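Heads up, the thing below is written out as structure tokens.
The values are calculated or read from the model by the stated rules, or taken from the named source; none is laboratory data. Just so it is clear, the structure is predicted and the values come from calculations on it, not from any experiment. Cβ: placed from backbone, ideal geometry, glycine included. Neighbour counts: every protein chain shown.
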Amino acid sequence: MLEALNLSRRYGDFVAVDDVSFIIQPGEVVGLLGHNGAGKTTIMKMLTGYLEPSAGSIRIDGEAVTDTSRAVREKIGYLPESLPIYPELIVADYLAYVARLRGLDPARAVPPAVRATELEAKLLDPIATLSRGYKQRVGVAQAILHKPSFLIMDEPTNGLDPSQTQHMRALIRQVAEHATVILSTHIMQEVKAVCDRALILRSGQLVVDERLDSLVQTRTLRIRASGDGVESALRGIRGVEALDVVDGAWQLGIAGDVNEGASEVARVLVGIGARVQEIAPVQQDLEAVFRRVSEEVPA
């Protein structure tokens, strides 16, 4: 488990991260979202121990990062936005070098990472000659050599073409079977494709911390039903806040839990003998949620 409590980071008078707290459970894939300058990279560097917080604390599996930095770092794999690669080395030599830095036997550590990132055909190529996508794979391979229990990735699909992006998503899902993954991005498609939960930052502050399914779910039900008395029955349901017709379907805004509201709608409509084709929550677009939250003026 990763715990961040009241994290702040200041550079003189500038506050890059302002009193941010969150807990990430084992096995979660969490998207750290925000516009450029929102504080994502600063938080990631603090999580890895690269930067020390100006205030607050970070604990990984109960150990404080600042107190037992080396022991904690052995549990972390990190892919920074600027890839930590040596372009003059061939892929095999670079990965063997990183393995030795971590105190690992390259003969044991390198092959599984190479297979996971599908780098077999590029092992003897100089890194400088690789495409952006393959360089990104090398970056991921060095991050997972030691089989970390936490993988932190900063903009992992930045600059990749659609095919490379699909491969990276599949790789993240594969790693997430055995590790907790935290990825920073401003691309909503990445969040929807691989994340369970979203943390949204604005001007260094955490403004949203929700599971993705809850974040996009509204308190509006889409209802397709026919029969006498449907409209009056819907208006008579306790907690109804709004009733409209959109694209040939009823849109019912309700107070409280949307799933309980759906059950009540079904009970009422069946009770009047209506023919019911659909009762479903209306999902809001993640891009619209992000845009609204990111652009709100702080109170």
Taking T41, is it polar (S, T, N, Q), in the same structural domain as A176 (by TED's automatic domain parsing), touching a residue at least 60 places away in the same chain (Cβ under 8 Å) and in contact with a Lys or Arg (Cβ under 9 Å, 6 or more places away or on another chain)? no
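Against the condition closer than 21 Å to L151 by Cβ, among the aromatic types (F, W, Y) and either exposed (fewer than 13 other Cβ atoms within 10 Å of the Cβ) or modelled with pLDDT of 90 or more (or both), how does Y86 come out, does it pass?
So Y86 does not fit the description; no.
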With respect to L160, is the statement that it is more than 24 Å from R102 (Cβ to Cβ), assigned by TED's automatic domain parsing to the domain that holds Y86 and aliphatic (A, V, I, L, M) true? yes
Some residue of the range 263-277 being part of a strand (DSSP E or B), of a type outside the set (D, E, K, R) and under 30 Å from I24 (Cβ atoms): no
I need a count of the residues in the range 248-299 that are in contact with a helix residue (DSSP H, G or I) (Cβ under 9 Å, 6 or more places away or on another chain) and of a type outside the set (V, I, T). 15
Would you mind stating whether P112 is more than 29 Å from I58 (Cα to Cα) and not hydrophobic (A, V, I, L, M, F, W, C)? yes
The number of residues in the range 260-279 that are β-branched (V, I, T) and at positive phi is 0
Of the residues in the range 96-122 that are modelled with pLDDT under 95 and assigned to a loop (DSSP other than H, G, I, E, B), the one that is nearest to the chain's Cα centre (by Cα) is E118
I need a count of the residues in the range 185-205 that are of a type in the set (G, A, S) and surrounded by 21 or more Cβ atoms within 10 Å (Cβ to Cβ). 2
Residue identified as loosely packed, with under 13 Cβ neighbours inside 10 Å and more than 13 Å from A233 (Cβ to Cβ) among A255, A249: A255
Is it the case, given these coordinates, that T157 is in a loop (DSSP other than H, G, I, E, B), buried (at least 20 other Cβ atoms within 10 Å of the Cβ) and either hydroxyl-bearing (S, T, Y) or in contact with a Phe, Trp or Tyr (Cβ under 9 Å, 6 or more places away or on another chain) (or both)? yes
Among the residues in the range 126-141, are any surrounded by fewer than 22 Cβ atoms within 10 Å (Cβ to Cβ), among the small types (G, A, S) and farther than 18 Å from Y86 by Cα? no
Collect the residues in the range 5-37 that are touching a Gly at 6+ places or on another chain (Cβ under 7 Å) and among the hydrophobic types (A, V, I, L, M, F, W, C), keeping them in residue-number order. L5, L7, V15, A16, V17
Yes or no: the range 222-239 includes at least one residue that is free of Cβ contacts under 8 Å to residues at least 40 places away in the same chain and on the phi > 0 side of the Ramachandran plot. yes
Does V245 qualify as being more than 34 Å from the chain's Cα centre (by Cα) and modelled with pLDDT of 90 or more? no
Being under 18 Å from G77 (Cα atoms), surrounded by 19 or more Cβ atoms within 10 Å (Cβ to Cβ) and either modelled with pLDDT under 90 or of a type in the set (K, R) (or both) is the filter here, so list the residues in the range 3-40 that pass it. K40
Quick one: how many residues across the range 174-184 are touching a residue at least 40 places away in the same chain (Cβ under 8 Å) and surrounded by fewer than 17 Cβ atoms within 10 Å (Cβ to Cβ)? 1
Where in the range 165-252 are the strands (runs of 3 or more DSSP E), entirely inside, with at least 2 residues that are farther than 22 Å from R275 by Cα? 180-185, 197-202, 205-211, 217-226
